[in-house]
Amino acid sequence: MTIQEAPTASPLTGVTVSDAMRPGVVTCLPGDGVARLAAIMVTNGIHAAVLAPFQRAAPLIVTDLELIRAALDRADDPRAADIARDPVATLPGDAALQDAVAMMAERYVAHLLVTDPDSGEPAGVVSSFDVVVVLSGQQPRLPRILQPAPARPSPRVGKLSQAVVRDVMQPGIATCTPDMPLRAVAGSMAEHGTHCVAIAGIDGGGRGQHLIWRLIGAMDLVRAAHRHALAEPAATIAATAPIAVKEGDSLEGAAALMVEHDTRHVVVVAPSGLPSGLVSTLDVASVLAATGDRDLAAQRVEG
């Protein structure tokens, strides 16, 4: 008689959305401009802000990519009400986190607005990174406490068109091997407080061995969790070559690549030809924020 091993329980089992979410909702006002919106995101280390006042039927958010797109379009003084276009998906705090994973994966969205089950009022936001932390087995809110503050622009940076990538890039890249299980990749991502890691090494799958160097983002892990594939090796989902720029390239050009390819991270390559770091949407936002009043206080409505 063959004895089969019992399937490993999903780390999402028994976890509710409120267990994993970031409590409280960071908001912006309809009249907030690009610099104000960027300051809100950089100050709070977030990638999306909810438009206030809260519209129960169709709440709106401004994401970092939408913000950068508006800044690059150079429209006449764009405001949050103009930038926030699509309603954000919502779900109650007592819903299973697995439901949130399904919603994120099927709609390909990295943020969901969480509402109070009784009042229906906004209570928090759950992100793809929050899901990654749960997948890693860590306490959901611990990595946020340990996460380093977002990069700040150099004092010599005046505006986006004058900045170069090295002014705001994050030096170094967290890496793991192609054969590392995706659940362990989630652990590395949570440990380093980053939304992506590089898969680097020899991939022995398929025909022969070859070198692989790819990025895996938080949304890649969310989609893997949705299809119950966390035991698979990292190489199975590291299929797309990352977008890359040089350290001396224009930051505005890097921002344009993010918008064009719908990505929040771009690999930075040193003069040696080797990867030397990453530049993220929040790094770009730090320069956008510097063009306005640095002392603007971010609004926060606690749930």
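The values are calculated or read from the model by the stated rules, or taken from the named source; none is laboratory data. What you see is a predicted model, and the numbers here were worked out from it, not measured in a lab. Every residue, glycine as well, gets a Cβ built from its backbone with ideal geometry; the counts of neighbours run over all protein chains shown.
Criterion first (closer than 23 Å to residue 219 by Cα and not assigned by TED's automatic domain parsing to the domain that holds residue 227) does residue 95 satisfy it? It would help to see each step written out before you state the result.
Values: closer than 23 Å to residue 219 by Cα: yes; not assigned by TED's automatic domain parsing to the domain that holds residue 227: yes.
For residue 95, the condition - closer than 23 Å to residue 219 by Cα and not assigned by TED's automatic domain parsing to the domain that holds residue 227 - is met.
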Quiz item: Can you pull out the residues in the stretch 123-162 that are modelled with pLDDT of 90 or more and either of a type in the set (D, E, K, R) or touching a strand residue (DSSP E or B) at 6+ places or on another chain (Cβ under 7 Å) (or both)?
Solution: 123, 124, 125, 126, 127, 130
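Just the residues that are among the acidic types (Asp, Glu), touching a residue at least 24 places away in the same chain (Cβ under 8 Å) and farther than 26 Å from residue 134 by Cα, please, taken from the stretch 81-101. Spell out how you get there, then give the answer.
Here is the first cut: in the stretch 81-101, the residues among the acidic types (Asp, Glu) are 82, 86, 94, 99.
Filter once more, so that each one left must be touching a residue at least 24 places away in the same chain (Cβ under 8 Å): 86, 94, 99.
Residue satisfying the conditions is 86 alone.
Which one of these is crowded, with 24+ Cβ neighbours inside 10 Å, more than 23 Å from residue 194 (Cα to Cα) and aliphatic (A, V, I, L, M): 70, 80?
80
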Self-check item: Matching helices (runs of 4 or more DSSP H) fully within the stretch 163-280 where at least 1 residues are closer than 22 Å to residue 66 by Cβ and either over 18 Å from the mean Cα position of the chain (by Cα) or at pLDDT 95 or above (or both)
Solution: 218-226, 251-261
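For (1) under 24 Å from residue 119 (Cα atoms); (2) touching a residue at least 40 places away in the same chain (Cβ under 8 Å); (3) touching a Ser or Thr at 6+ places or on another chain (Cβ under 6 Å), each residue gets a yes or a no:
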{"site": "25", "(1), (2), (3)": "yes, yes, no"}
{"site": "29", "(1), (2), (3)": "yes, yes, no"}
{"site": "34", "(1), (2), (3)": "no, yes, no"}
{"site": "48", "(1), (2), (3)": "yes, yes, yes"}
{"site": "51", "(1), (2), (3)": "yes, no, no"}
{"site": "56", "(1), (2), (3)": "yes, yes, no"}
{"site": "63", "(1), (2), (3)": "no, yes, no"}
{"site": "70", "(1), (2), (3)": "no, no, no"}
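Mind telling me which of the residues 230, 274 ends up being among the aliphatic types (A, V, I, L, M) and touching a residue at least 40 places away in the same chain (Cβ under 8 Å)? Working first, answer last.
Numbers: 274 fails: touching a residue at least 40 places away in the same chain (Cβ under 8 Å).
One residue alone meets the criteria, 230.
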Quiz item: Across the stretch 28-43, which residue is nearest to residue 286 (Cα to Cα) among those that are crowded, with 21+ Cβ neighbours inside 10 Å and of a type in the set (Val, Ile, Thr)?
Solution: 42
Quiz item: If we scan the stretch 183-200, do we find a residue that is farther than 22 Å from residue 128 by Cβ, surrounded by 18 or more Cβ atoms within 10 Å (Cβ to Cβ), in contact (Cβ under 8 Å) with a residue 60 or more places away in the chain and not basic (Lys, Arg)?
Solution: no
